[in-house]
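Asks: Before anything else, here's the structure in question.
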Amino acid sequence: MQISELKKAAEEFVDISVSDELVLNGLREALSWLAVRSYLVDTITKDFEGGKKYQLPKKFLRVIKVEKPKENEIYRHYLIDGNMIRFREDGEYRIYAERAPYYPESVDEYLELHPMLISKMQKYLQGYIMLAKDVNPQYGQQLIHEYFPQEVDLAVTQLKRGQKSPTKWTVKRK
């Protein structure tokens, strides 16, 4: 979603016009909060050669897990050395890693987050504007410090549930 759309929705909610810089500052604060909670995750899927070291992108902070996408199983035979990764065997691997937040520089940019998180960012932005412009600051405080953390935690839990590997079910009949 484009940041200008978030700005427009927040302005309509608060019923005042705000500067682009105020919107960007609010989004930066919310993105920093997500990064501290380790909620910003990125993936790479590609073929790697066994025994060779590969440079991970600079935005990757910590590798969470590696899996073989074709077999849909976690792969444990890799070595991390700083920002380099090495696999024991050749093959296609998917790397999940925490990433540093990307801070937008203008409202014309797109916010690259899951749609469930973008709606929460919109609420954070509304609260941030309310506090900054002194429009119902008590409700703004509630949006930022109560609603946002609870709703983001819930959304991330739901997203993580959807990423789990499929399980096998057996039916036992008498």
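Asks: Within a Cβ distance under 14 Å of Ala132, other residues only, what is the Lys/Arg minus Asp/Glu net charge? All intermediate terms of the calculation are to be shown ahead of the outcome.
Replies: Numbers: positive: Lys7, Arg28, Lys133; negative: Glu11, Asp20, Glu21, Glu29, Asp134.
Here the count lands on -2.
Asks: Based on DSSP H runs of at least 4 residues, each adding -39500 (n - 2.57), what is the mean residue ellipticity at 222 nm of the chain after dividing by all its residues, to the nearest 500 deg cm²/dmol? Walk me through the numbers on the way to the answer.
Replies: Details: 5 runs with 69 residues, N = 174.
Mean residue ellipticity, 222 nm, calculated: -12500 deg cm²/dmol.
Asks: So what is the diffusion coefficient of the stretch 77-158 in µm² per second by Stokes-Einstein at 10 °C and 1.306 mPa s, using a Kirkwood Rh over Cα pairs? Write out the running numbers ahead of the final one.
Replies: Details: Rh = 16.0 Å.
Translational D for this selection: 100 µm²/s.
Asks: Work through the residues other than Gly51 whose Cβ is under 11 Å from its Cβ and net out their charges, Lys, Arg +1 and Asp, Glu -1.
Replies: Values: positive: Lys52, Lys53, Arg86, Arg88; negative: Glu49, Glu89, Asp90.
Once all neighbours under 11 Å are counted, the net charge is +1.
Asks: Rg/Rh for the chain to two decimals, with Rh computed the Kirkwood way over all alpha-carbon pairs.
Replies: Details: Rg = 20.3 Å, Rh = 18.5 Å.
In the chain, Rg relative to Rh is 1.10.
Asks: Name the residue from Ser119, Gly82, Met1 whose Cα lies farthest towards the positive end of the charge dipole of the chain, charges +1 on Cβ of Lys and Arg and -1 on Cβ of Asp and Glu.
Replies: Comparing the listed Cα positions along the dipole, Gly82 ranks first.
Asks: Quick one: if you stick a label point 7 Å off each Cα along the C-beta vector at Val63 and Asp81, how many nm between them?
Replies: So the two model labels end up 1.2 nm from each other.
Asks: Past 31 Å, Cα to Cα: identify those pairs from Lys68/Lys123; Lys58/Lys133; Lys59/Lys160; Lys7/Lys160; Lys8/Lys58; Lys8/Lys70, in the order given. Before the final figure, lay out each step's value.
Replies: Working: Lys68/Lys123 37 Å; Lys58/Lys133 36 Å; Lys59/Lys160 21 Å; Lys7/Lys160 28 Å; Lys8/Lys58 33 Å; Lys8/Lys70 43 Å.
Lys68/Lys123; Lys58/Lys133; Lys8/Lys58; Lys8/Lys70, as the Cα separations exceed 31 Å there.
Any read-out appearing in this document is the output of simple, stated calculations on the displayed coordinates, not a laboratory observation. Only a predicted model underlies this, so the values are computations on that prediction, with no experimental measurement involved. As a convention, Cβ positions derive from the backbone with ideal geometry for all residues, glycine included, and neighbour counts pool all protein chains shown.
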